[in-house]
Amino acid sequence: MPKYYEDKEEDGRACGGVREDLRQCLLESPCVLQENKSPKQCLREGHCRSLQMTFFACKRSMVSVRSVFSSARGL
């Protein structure tokens, strides 16, 4: 189970727990450890895809909430 669900310190940023899990997944992946590629390159190659999609969905939900508040001000 991802560490996001375990007790850990908050980093204060939006989607911080998922961000940390994605970072750890990439750093512990065979792509980084065995092939000596950068985490960014491994992410582009499709490693840790489920966490990447979860992080994207989390960030997208933050944008959706902000747009609701900004459109409500114009009323």
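The values are calculated or read from the model by the stated rules, or taken from the named source; none is laboratory data. What you see is a predicted model, and the numbers here were worked out from it, not measured in a lab. Counting neighbours? That spans all protein chains shown, and the Cβs are built from the backbone with ideal geometry, glycine included. Heads up: the accessible areas ignore ligands, DNA and RNA and are worked out on the full protein's heavy atoms, side chains in. Shrake-Rupley method; radii C 1.70, N 1.55, O 1.52, S 1.80 Å.
Checking each residue in region 20-41 for being polar (S, T, N, Q) and under 14 Å from Gln52 (Cβ atoms) picks out Gln24, Ser29, Gln41. Within region 15-38, being open to solvent by 50 Å² or more (accessible area, probe 1.4 Å) and either under 13 Å from the mean Cα position of the chain (by Cα) or β-branched (Val, Ile, Thr) (or both) holds for Arg19, Glu20, Arg23. Among all residues of region 58-74, there is none that is in contact with a Leu (Cβ under 7 Å, 6 or more places away or on another chain) and at pLDDT 85 or above. The set of residues in region 30-56 being in contact (Cβ under 8 Å) with a residue 24 or more places away in the chain and either of a type outside the set (A, V, I, L, M) or in contact with a His (Cβ under 8 Å, 6 or more places away or on another chain) (or both) consists of Cys48, Gln52, Thr54, Phe55.
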